[in-house]
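Structure, as structure tokens:
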């Protein structure tokens, strides 16, 4: 086993991790699509846990409106590439971790080539077209995918495993919203993004370790009432993504 294990001492004490589990984390390759409100906490906790290789796909630059929730960035970094800043900070935060960045927009043409280099994906984007694209490419690539989304004081989380023929994101949201729902068109309370992004990291780590995950289920968090609900998700017979 590589690296300074003292850093991971409290994880090694957990019966569901131990040295064997920590080695699995060191050996894992996780791709995070989006380095914003969800991606910032997800990336931070993946690095903290000792994920050996983290990929980061984000083409955007830091803007003032990002700073209420995108905790990787500061006002001194306005106008700079998020992916480049995140790589520097994550590798400084944990030198055990290697970070590869893709400062480009995901498309149908490049998604498969990027995804094939990883073991599991995190969807941390902020709009439905990109979520649909990532979902379709993940299923086509047989790549497990942890999806998260936030809106106002609410967040959702689910895990998709194509090799197990689970339901997909488009089973949950089969129809594109009638309005342009992005982080620029509705409010987001920063701590909600922090909660869901952290849970995406947790769900990813649990998947790598072979622990219970939200397959065919969706978790819904209400930040006003401070409640969690977990609902079953049924595969849609006419889903054009996960039905063959």
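In this structure, residue 156 does satisfy being surrounded by fewer than 23 Cβ atoms within 10 Å (Cβ to Cβ), modelled with pLDDT of 95 or more and either part of a loop (DSSP other than H, G, I, E, B) or touching a strand residue (DSSP E or B) at 6+ places or on another chain (Cβ under 6 Å) (or both).
Annotation: of all residues in region 159-173 being buried (at least 24 other Cβ atoms within 10 Å of the Cβ) and not in a strand (DSSP E or B), the one that is nearest to the chain's Cα centre (by Cα) is 169. Among the residues of region 132-153, write down those that are assigned to a helix (DSSP H, G or I) and crowded, with 20+ Cβ neighbours inside 10 Å. Listed by number, the residues that qualify are 134, 135, 137, 138, 139. Filtered by the rule that a residue be within 26 Å of residue 132 (Cα to Cα) and surrounded by 13 or more Cβ atoms within 10 Å (Cβ to Cβ), region 88-104 gives 99, 100, 101, 102, 103. Give the residue, chosen from 90, 56, 38, that is within 16 Å of residue 188 (Cβ to Cβ) and touching a residue at least 40 places away in the same chain (Cβ under 8 Å). Being within 16 Å of residue 188 (Cβ to Cβ) and touching a residue at least 40 places away in the same chain (Cβ under 8 Å) holds for just one of 90, 56, 38, which is 38. Residue count for region 61-84 under the criterion of being closer than 21 Å to residue 50 by Cα and surrounded by fewer than 20 Cβ atoms within 10 Å (Cβ to Cβ): the result is 2.
If the condition is being surrounded by fewer than 20 Cβ atoms within 10 Å (Cβ to Cβ) and touching a strand residue (DSSP E or B) at 6+ places or on another chain (Cβ under 6 Å), then region 115-130 contributes 119, 127. If you go through region 217-237 and keep only what is surrounded by fewer than 18 Cβ atoms within 10 Å (Cβ to Cβ), touching a residue at least 12 places away in the same chain (Cβ under 8 Å) and not in a strand (DSSP E or B), you end up with 223, 224, 234, 235, 236. Counting only residues that are more than 18 Å from residue 14 (Cβ to Cβ), touching a strand residue (DSSP E or B) at 6+ places or on another chain (Cβ under 6 Å) and not in a loop (DSSP other than H, G, I, E, B), region 194-216 holds 3 of them.
The values are calculated or read from the model by the stated rules, or taken from the named source; none is laboratory data. The structure displayed is predicted, hence computed values, not measured ones. So basically every Cβ, Gly included, is an ideal-geometry build from the backbone, and we count neighbours across all protein chains shown.
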